[in-house]
Amino acid sequence: MTVAICPGSFDPPTNGHLNIIERGTQIFDRLIVAVAVNASKAPVFSADDRVAILREIFANKPNVTIDAFEGLMVEYARQHNVHVILRGIRNLSDYEYESQLALANKAMSPGLETIFLMAEGRYAHISSSIIKDVVRYSGKAAEMIHPIVEQRLREKLRS
Ligand code: COA
């Protein structure tokens with residue numbers, strides 16, 4: 001059985017993330033979406049909220065597991081005996097960041113491979129920060145985020 005981990009902050013998950021996850025399920029038998037509890041970021045959603053949102057979105061996908069992790073990704077992969085990381089790339093700056101991350105992970109865990117999917121063109125301009133601004137200032141976000149994400153984000157940014 002082929003298994004991959006798709007890690008990220010997902011604060012919040014965008015349609016670009018969901019597209020990478022969906023496409024990942026066509027490639028791998030099982031996908032673990034791993035929400036990073038990143039101590040150096042100040043997320044809008046707690047890790048528990050992000051896990052709950054993703055679980056709701058992928059409730060009908062039995063081959064997608066949602067989890068949270070703290071600490072190094074390579075350690076999480078080792079604990080789960082997974083050897084493939086799946087990430088999306090939108091543009092050149094993602095490539096620079098992702099290549100650094102993949103090389104650092106490879107240096108720490110030589111058996112770990114990172115596989116990249118190119119973001120589809122319609123998602124290439126979307127980021128979690130842009131979405132937070134669009135929703136905060138009541139812009140049209142329907143094509144950028146899942147309705148569940150939009151609802152939770154509106155509730156969160158209003159409170
Ligand atoms: N479509 C749309 N947006 C995307 C995207 C896609 N396919 N891929 C990335 N993004 C955007 C996100 O919206 C987000 O936007 P923002 O900067 O405006 O918030 C940004 O790119 C990155 O977010 P995301 O993909 O959610 O995760 P990340 O880059 O914050 O995650 C980890 C990085 C979690 C994988 C990495 O930090 C990690 O492994 N951390 C654990 C500690 C560790 O092991 N560090 C490495 C040591 S070498």
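Listing for the model above:
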{"item": "The chain: relative contact order in percent, alpha carbon pairs under 8 Å with at least 6 residues between", "result": "28 percent"}
{"item": "Top of Leu112, Leu101, Leu86 by mean-square fluctuation, Gaussian network on the chain, Cα under 10 Å", "result": "Leu101"}
{"item": "Residue-count net charge about Leu153 - beta-carbon cut-off 9 Å; Lys, Arg +1, Asp, Glu -1", "result": "+3"}
{"item": "Listed residues Gly111, Gly88, Gly16, most fluctuating in the chain (Gaussian network, C-alpha, under 10 Å)", "result": "Gly111"}
{"item": "Anchor Lys132: lysines whose Cα lies under 28 Å away (excluding residues fewer than 8 positions away in-chain)", "result": "Lys41, Lys61, Lys140, Lys156"}
{"item": "Between helix 15-27 and the chain: long-axis angle, C-alpha atoms, 0 to 90°, nearest 10", "result": "30 degrees"}
{"item": "9 Å beta-carbon shell around Met1, net charge (K/R +1, D/E -1)", "result": "0"}
{"item": "Compactness relative to 2.2 N^0.38 Å, alpha carbon Rg of the chain", "result": "1.01"}
{"item": "Isotropically averaged projected area of segment 83-159, using the convex hull of Cα atoms (one quarter of hull area), nm²", "result": "6.5 nm²"}
{"item": "Neighbour cut-off at most 13 other Cβ (10 Å), DSSP loop, chymotrypsin sites (Phe, Trp or Tyr not before Pro), segment 97-143", "result": "Tyr137"}
{"item": "Chain lengthening between Leu117 and Glu96 when straightened (0.36 nm per residue, less Cα-Cα)", "result": "6.1 nm"}
{"item": "Spatial separation of Cα centroids for segment 15-33 and segment 66-123, in angstrom", "result": "13 Å"}
{"item": "Segment 1-76, relative contact order in percent, only Cα pairs under 8 angstrom and at least six apart counted", "result": "36 percent"}
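None of the figures in this text is laboratory data; all of them are computed from the coordinates on show. Just so it is clear, the structure is predicted and the values come from calculations on it, not from any experiment. A quick note on method: Cβ atoms are made from the backbone with ideal geometry, for glycine too, and the neighbour counts reach across all protein chains shown.
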